[in-house]
Amino acid sequence: MATNIVLSNTEYKVVGTRPIRHDGTDKVTGRAKYGGDFQLAGLLHGKVLRSPHAHARIKSIDVSKALVYPGVKAVITGQDMPVALMENPSRSARFTSDNLMAGEKALYRGHPVAALAAISPHVAESALKLIDVVYEVLRPAVDVREAMKAGAPLIHEDLTTNELGEQAKMPSNIATHFRYEKGDVEKGFAAADVIIEREYTTATVHQGYIEPQNAVALWNADGQLTVWCSTQGAFSAREALAAALNMPVSKIKVVPMEIGGGFGGKIPIYLEPLAALLSRKTGQPVKMVMSRAEVFESTGPTSGTYIKVKMGANKEGRITAGEAYLAYEAGAFPGSLVSAGAQCIFAPYDIENMRVDGYDVVVNKAKTAAYRAPGAPNSAFAGETVVDEICERLGVDPIEFRLRNASKEGTRRVDGPVFPVIGNVECLEAARDSQQYKTPLKGAFRGRGVATGFWFNIGLQSSCSIGVNGDGTISLVEGSTDIGGTRVSIAMQAAEVLGIPAEDVHPSVGDTETVGYTFLTGGSRTTFATGWAAYECAQDIKRKMIERAGIIWEVPAGDVEMVDGVFQHKSDPDLKTTFKELAGRLNSTGGPISSQVSVDPRRAGGAFSTQVADVEVDPDTGKVTILDYTIVQDAGKAIHPSYVEGQMQGGVVQGIGWALNEEYFFSKEGQMENSSFLDYRMPTSLDLPMINTVIVEVANPGHPYGVRGVGEIPIVPPMAAIANAIYSAIGVRMQHLPMSPGAILEALWKKQGQQASKRAPRQSGRKR
């Protein structure tokens, strides 16, 4: 049975407790409304025609037959995109538009080439078959190394490399090459007694959210556009729509529906502008919902990668140098998150000499999107397996080695920032002291692996409004999509300030016209930043309530304080009232009380996690069974420990899937061949033990309650931890993800062949 442990330093009345989530009943009873549930009068249904080719020039598109098909109301192609009608649009604007609807070329299997709206989904699907597209099929590049080679097919003929800040002249699939550097790497390797250099590859994987992308758009006759959709950020979706449609944000209203998972994959827009253009043509609302195959083939997966890592250490067990080469697939358009991978790869360690080169490379796959700590799991897989090999070479316990080299307050990362107070050491110590790590692992073909990871977290803009109700409750409106229980974590921070139960807060997520600007839900920012907005908003409510108490008692507001949810006179014990009592008297003392606050916090506070994996490998089948798993993570302060534990466990499970099973299979023509949950293998509850969680609380000095983001970091270490455990079990180093049964068998056979060749007697020089 899993153990859940909270190593707490500071206790509060509401923060740190485990109330039932406010939206729980609606979600378990089916009352919650998702995008696919949304209906409007006169609703049309839209469908998208997608390219069957990974790389093809579009010679012509004939939509005439589809237009006259009974029930079809409108058809659009790339020529209907506003950017296509602009004179000399910027390359970035053209890339953004072309990803939504192909222009001159289709750049991946599933790339939209046309869309239509009809009276029913069935009519729309039938009409799509009548659209005649003539393609000139081109050779695709679907692997990052292949795409970087001289002579590789060019995805974009006008794309040149930003080479260390200088723009190259020759077209290339390499969009950007950057470098982070600290100290003298050559000097660091010269001082090393042990040097390990390895190469790694990771496959393309998908976020695997349950609910597919969807959108309903209504373009009114007055030029106002309203979009209802499943999105991780209503305001970011509004900005993207404004850019794609070449219209001001003031003309667009985005209403976020309940969201059935995202993990970063629902930050970009896909269907929203297409539904909007179809609505403008028809004058009716248009609804579009992706199939599962469309989700896999046409939305952003995470990057496939090629990574080289070189690290050196001396006999005292100190890392002297680290060097990394990171090449990340961006998909068909530039913009992979290789920079995040570069920032995180060596971050757990205090290394004097480091250099990281990053390459953003376009390939004939769907444009990549964020996936939980985007970029960091790939680089951590490479970096942490090299660290494990150094530990083995030096004969040092893997946690003790990491403690000896751990980054701490004052350590400078390779990309420049200096760490403030962080919980890296505390996580390592808690992992070392965990029940799993202290318990010897026995049995054949069993092994234990350790890995550490880092994610920097983000802050950015958030808004919150609070109104006090006459019954002593408050209504709270915030702008962050609730994916992992953030309604309750935000409500709890407001409740803590006001001294009321979390149940007395009624939280809701507003649209772009009911709450101030709020950045997207992602990067582990929501509980941190929007929670801070709620905190400050509640503080303003508290000040106003104190003023009202002063009016009632006819004393200066400075003589009134709030203690444990009770307003009281500082010197007269007879003058006191509860929040609820005071709320009931607002109308007689000046009217309702409300407040709206916007914040833009920058000190998000980076998060660390150390994880321990125990596995058993079947040498006959290559199957890996996870026997036991412990994740230790610094949350700063766990606002709602149950949801922090859920985030930790969920991230680990996704990491296990990435480690052992998940990958896109492509044909030589660049077509995905496993675009369904039947063929894209994700772990289920039957594949996993319960995940032990240890929450470490090292308060983030940049937040009133010490909060650090918790959603990203859990997925960073699992792949490396499992790879290290597999090595411990069967003695083979896995350097490609996923570590599937077939891949493990091949590694075992290769090892056995090498051993056999070493044992075989030398052959004589006599010819047979």
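Some notes on this structure:
- Annotation: of all residues in segment 19-53 being hydroxyl-bearing (Ser, Thr, Tyr) and not in a helix (DSSP H, G or I), the one that is farthest from Lys266 (Cα to Cα) is Ser51.
- Check on Glu547, touching a helix residue (DSSP H, G or I) at 6+ places or on another chain (Cβ under 8 Å), among the acidic types (Asp, Glu) and under 28 Å from Ile210 (Cβ atoms): no
- Residue that is nearest to Arg109 (Cα to Cα) [pool: residues in segment 671-726 that are touching an Asp or Glu at 6+ places or on another chain (Cβ under 6 Å) and part of a helix (DSSP H, G or I)]: Ala720
- Considering the conditions (1) among the aromatic types (Phe, Trp, Tyr); (2) over 16 Å from Val205 (Cα atoms); (3) not in a loop (DSSP other than H, G, I, E, B), Phe333 is excluded by exactly one of them, (3).
- Enumeration of residues in segment 196-208 that are of a type outside the set (S, T, N, Q) and either closer than 15 Å to Ala327 by Cβ or touching a Ser or Thr at 6+ places or on another chain (Cβ under 9 Å) (or both): Arg198, Glu199, Tyr200, Ala203, Val205, His206
- Filtered residues of segment 464-475 (kept if out of contact with any helix residue (DSSP H, G or I) (no Cβ under 6 Å at 6 or more places or on another chain) and buried (at least 24 other Cβ atoms within 10 Å of the Cβ)): Ile474
- All of Ala494, Ala444 fail the test of being over 28 Å from Glu211 (Cβ atoms) and either hydroxyl-bearing (Ser, Thr, Tyr) or surrounded by fewer than 24 Cβ atoms within 10 Å (Cβ to Cβ) (or both), apart from Ala444.
- Scanning segment 596-605 turns up no residue that is more than 30 Å from Ser463 (Cβ to Cβ) and either touching a residue at least 12 places away in the same chain (Cβ under 8 Å) or of a type in the set (Gly, Ala, Ser) (or both).
- Verdict on Ala494 being touching a Leu at 6+ places or on another chain (Cβ under 7 Å), under 22 Å from Gly706 (Cα atoms) and in contact (Cβ under 8 Å) with a residue 24 or more places away in the chain: yes
- Of the helices (runs of 4 or more DSSP H) lying entirely inside segment 396-479, those containing at least 2 residues that are within 26 Å of Ile695 (Cβ to Cβ) and among the charged types (D, E, K, R) span 398-404, 424-432.
- Of the strands (runs of 3 or more DSSP E) contained entirely in segment 498-589, those carrying at least 3 residues that are closer than 15 Å to Ile474 by Cα fall at 505-509.
Yes/no matrix, rows are residues, columns are (1) modelled with pLDDT of 95 or more; (2) more than 30 Å from Gly24 (Cα to Cα); (3) not polar (S, T, N, Q):
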position	(1), (2), (3)
Asn405	yes, yes, no
Ala430	yes, yes, yes
Tyr437	yes, yes, yes
Phe445	yes, yes, yes
Asn469	yes, no, no
Ala495	yes, no, yes
Glu503	yes, no, yes
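- Residue match in segment 322-337 (condition: outside the structural domain of Glu104 (by TED's automatic domain parsing), crowded, with 24+ Cβ neighbours inside 10 Å, among the acidic types (Asp, Glu) and within 24 Å of Pro714 (Cβ to Cβ)): yes
- Evaluation of Gly523 against (1) at negative phi; (2) in contact (Cβ under 8 Å) with a residue 12 or more places away in the chain; (3) crowded, with 19+ Cβ neighbours inside 10 Å (one fails), failing number: (1)
- Odd one out for Lys47 among (1) touching a strand residue (DSSP E or B) at 6+ places or on another chain (Cβ under 8 Å); (2) exposed (fewer than 15 other Cβ atoms within 10 Å of the Cβ); (3) in the same structural domain as Glu239 (by TED's automatic domain parsing); (4) charged (D, E, K, R): (2)
The values are calculated or read from the model by the stated rules, or taken from the named source; none is laboratory data. Given the structure is predicted, the values throughout are model-derived calculations rather than measurements. Cβ sites come from the backbone with ideal geometry, for glycine too, and all protein chains shown count toward neighbours.
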